[in-house]
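One structure below.
Only the coordinates and a few stated rules stand behind these numbers; no lab work does. Note that the coordinates shown come from a computational prediction; the quantities given were computed from them, not determined experimentally. Using ideal geometry, Cβ is built from the backbone for each residue, glycine included, and neighbour counts are taken over all protein chains shown.
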Amino acid sequence: MRKPESVSVSAEKMAATAEVGAIAVVPTSARRAPRKSDRIAYLYLLPALVVFGAFLLFPLLHGFWISLYDWDGLSPATWVGFDNYVQAIADGALGNAFLHSAILIVFFSVLPICLALLLTGLMTHATKLKGMGFFRVVIFLPQVVATVVVATVWTAIYAPQGVLNQFLSAIGLEAVTRPWLGDFTWALPAVGLIGTWVQIGLCLVLFLAGVSQINPELYEAARLDGAGPVREFFAVTLPGLRPQIAVALTLTVVAGLKSFDLIFVATRGGPGTTTTVPGFEVYRRAFDLNQVGMACTVGILLALVILIVTTVINRIDPGERA
């Protein structure tokens, strides 16, 4: 008498399982139709998309179109296809410009991040000292000063009779003095140190904001375990700052790659071509050599390099996988 009941129960379970399986294979788009609120949200985004398309996407596409022509900006253009890109890749001068940008990344990104991490560790344990707020403002100040002003001031500092050489002479290092921005060996590092001075404030503000979001209990647990300041930094502070480090790395690397105004004001690519960068090459080829098509080609290549580098940084960000 009980067998039919067990059979019916089993049949009900199989039917329920089949029903659940049928629901599971229904595509998400079929289960959830677009709601009215979604369409309204896109309407709110529409003004930003229009501005993005008008002032970024359209100029980028138009620049790519011009890069396919041999054009001096005035006379009729001649279609050359991708010949400009082939010439640009084979151009040794342009290759050196990208190499200089890679060197500047060390000064614009690696050094500021390392120094800002060091300052963050020190300031985390010096919160009770007076004047810390003023110290933070002074370090961040280069970020709010126009780059042209920064380049002008540092050009005066690096001058043969500038403050730097006078200081070196005063402490007995007169043999070290030189026209820093006119020296073939030291011009690029000198410009790079300006970038370090500018970018360190941005990195420090990001890291201090990140430290404020770290759970204080983690520091207390580390101190109870007997961790000193150095071990506490590497065990608690540094892992907690991984998202901020990724942001700082992206911003500073892009700043190093697209640098133009600092080079233009400080050295104009000199001495010789020792400080040329892709951004300056775009200007030089367009306005000095009247090679507008090639200038657009360099600009598109620079945009592609920046896109690839930022994508790689976002891919390897350990904070996203943690």
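General remarks:
- Within a Gaussian network of the chain (alpha carbon springs, distance under 10 Å), most fluctuating of Leu238, Leu56, Leu257: Leu56
- Computed from backbone phi with θ = phi - 60° and the Karplus coefficients 6.51, -1.76 and 1.60, the 3J(HN,Hα) list for segment 243-253 is x, 5, 5, 5, 5, 4, 5, 5, 5, 6, 5 Hz; x is used for glycine and proline.
- Charge dipole (the chain, unit charges on Cβ, about Cα centre) - positive-most of Leu224, Ile103, Leu43: Leu224
- Contact order for segment 221-322, expressed relative to its length and based on alpha carbon pairs under 8 Å spaced 6+ residues apart, stands at 27 percent.
- Simple point charges give the picture: +1 on the Cβ of Lys and Arg, -1 on the Cβ of Asp and Glu, and for the chain a dipole about the Cα centre of about 1060 debye.
- With the convex hull of its Cα atoms as the shape, segment 217-322 has an orientation-averaged projected area of 9.5 nm².
- Dimensions in Å of segment 97-169 - Rg and Dmax from alpha carbons: 16.0, 46
- Normalised by 2.2 N^0.38 Å, with N the number of residues, the alpha-carbon radius of gyration of segment 151-274 equals 1.47.
- Of Arg284, Arg315, the sequence from fewest to most neighbouring Cβ atoms within 10 angstrom is Arg315, Arg284.
- ³J(HN,Hα) computed for each position of segment 45-55 - Karplus, 6.51 cos²θ - 1.76 cosθ + 1.60, integer Hz, glycine/proline x: 7, 4, x, 5, 5, 5, 4, 4, x, 6, 9
- Compared with the direct C-alpha span, the chain from Ile89 to Leu141 gains 14.8 nm at full extension, assuming 0.36 nm per residue.
- Considering only Val110, Val230, Val305, the Gaussian network model of the chain with Cα springs below 10 Å gives its largest mean-square fluctuation to Val230.
- Dipole axis of the chain (+1 Lys, Arg; -1 Asp, Glu on Cβ), positive-most option in Gly201, Leu168, Gly133: Gly133
- Its DSSP H runs of at least 4 residues, each contributing -39,500 (n - 2.57), put the calculated 222 nm mean residue ellipticity of the chain at -21000 deg cm²/dmol, to the nearest 500.
- Sorted by Cβ neighbour density within 10 Å, fewest at the top, the residues Ser75, Ser169, Ser101: Ser75, Ser169, Ser101
- Highest mobility in the GNM of the chain, judged by mean-square fluctuation with C-alpha springs under 10 Å and restricted to Pro112, Pro160, Pro189, is found for Pro160.
- Hz values of 3J(HN,Hα) by residue in segment 261-268 - Karplus curve (6.51, -1.76, 1.60), Gly and Pro given as x: 4, 5, 5, 4, 7, 7, 10, 6
- Helix 111-124 axis, angle to the chain major axis (alpha carbon atoms, nearest 10°): 70 degrees
- For Tyr69, nonlocal amide neighbours, meaning residues 5 or more places apart or on other chains whose placed amide H falls under 5 Å from its own, are Val80.
- Working value for segment 89-210: equivalent-ellipsoid semi-axes of 29, 22, 13 Å, each the square root of 5 times a Cα gyration tensor eigenvalue, largest first.
- Packing here is the average count of other Cβ atoms within 10 Å per residue, and on that basis the peptides 66-72, 138-144, highest first, run 66-72, 138-144.
- Percentage, to the nearest whole number, of Cα pairs in the chain over 33 Å apart: 50 percent
- Our summary gives the chain a relative contact order of 26 percent, counting only alpha carbon pairs under 8 angstrom and 6 or more residues apart.
- Of Arg231, Arg178, the sequence from fewest to most neighbouring Cβ atoms within 10 angstrom is Arg231, Arg178.
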